[in-house]
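Structure first, then comments.
Bear in mind these aren't lab numbers, they're just calculated from the coordinates by the rules spelled out. The model shown is predicted, which means the values in this text are computed figures rather than measured ones. Here Cβ is always computed from backbone atoms with ideal geometry, including for glycine, and neighbour counts include all displayed protein chains.
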Amino acid sequence: MVLQEMARVMLLSNNVPRNLWAEADNMACYIGNRVFLRPGSRNTSYELWKGRKPNVSYFHTFGSKCYILNDRDQLGKFDAKSDEGIFIGYALNSRAYRVFNLKTRTVMESSNVVNDDTRLKSNDHEEEEILDDDSPLERVMVTPNVGTSNDNNEVTQPITRVSLLDSNEPAPWVRRLHNKEDVIGDVNESVRTRRQIANLISFTCYTSQIEPKKVDEALNDEFWVLAMQEELNQFERNEIWTLVPRPKTTNVIGTKWIFMNKSDEDGNIVWNKARLVAQGYSTRVL
């Protein structure tokens, strides 16, 4: 699923502890509802539900360092007033941030948070490891020291690790059965491969999901700037225009930018198209 892929990337790329996987899933869902367009629609899920465009100006980087105001303890004059933490999401019922406090090792919500998006979590902090049941186990064999030494020095034998799985034999396939009640989504829906998911994420990363209404909005989005530049380059390659001095007695026909998102058969946006057209109301047929 796309949300699971997003959560995995956020956890691994930012070195966030694996036991915060649920927070990563919630963060991916929160972003997806406000950024991704619904298949077959030009609106996000948030816009369809609320009737207005979402505000994303307060978004921060998942896994970035943050500082939480310590308003719970009695602090001395020279004690630190904030605790270091990890930003992991947004509160659903209030205008607060969800953070992981590295001092208390707890997830908490607070509006008194200063985020530093330029710094991600350091590898120095402890990470709670969650072992996979399917990972091969290793047996540690210690060879006892049965030899003697003439100079009475101790001889240390190395510890040899022997894997229980033969490297020449392929690992057995394990088929897991899941209850239909535990499956998220339509169980009759066709299976989506990793390549399909990777292509969708690639389109999302390199295309804009929102159509600008004005040129000023497009100029603030790097993807639409590239689309506008491609339209001008297309004019130059096809020799559409020829620059000539403006006649004094002739009215100049104005132009207008039109911005459209192109979708595939599944409704996913794969291309930002910008067109520069003549203003029809200013043309006149002779």
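Here are some notes:
- Exposure proxy order (Cβ contacts within 10 Å, fewest to most) of 246, 18: 246, 18
- Placing a pseudo-label 7 Å from each Cα along the Cα-to-Cβ vector at residue 252 and residue 273 gives an inter-label distance of 2.8 nm.
- Computed across region 26-89, the Kirkwood radius stands at 14.6 Å (inverse of mean 1/r, all Cα pairs).
- The modelled label-to-label distance between residue 5 and residue 260, using points 7 Å beyond Cα along the C-beta direction, is 2.7 nm.
- Fully extended contour minus Cα-Cα distance, from residue 42 to residue 69, at 0.36 nm per residue: 5.7 nm
- Across region 31-122, C-alpha contacts under 8 Å between residues 6 or more apart give a mean separation that, scaled by the residue count, equals a relative contact order of 24 percent.
- Shown in residue order for region 262-274 are the 3J(HN,Hα) couplings computed by the Karplus curve 6.51 cos²θ - 1.76 cosθ + 1.60 at θ = phi - 60°: 9, 10, 8, 5, 8, x, 8, 6, 10, 7, 9, 10, 10 Hz (x for Gly and Pro).
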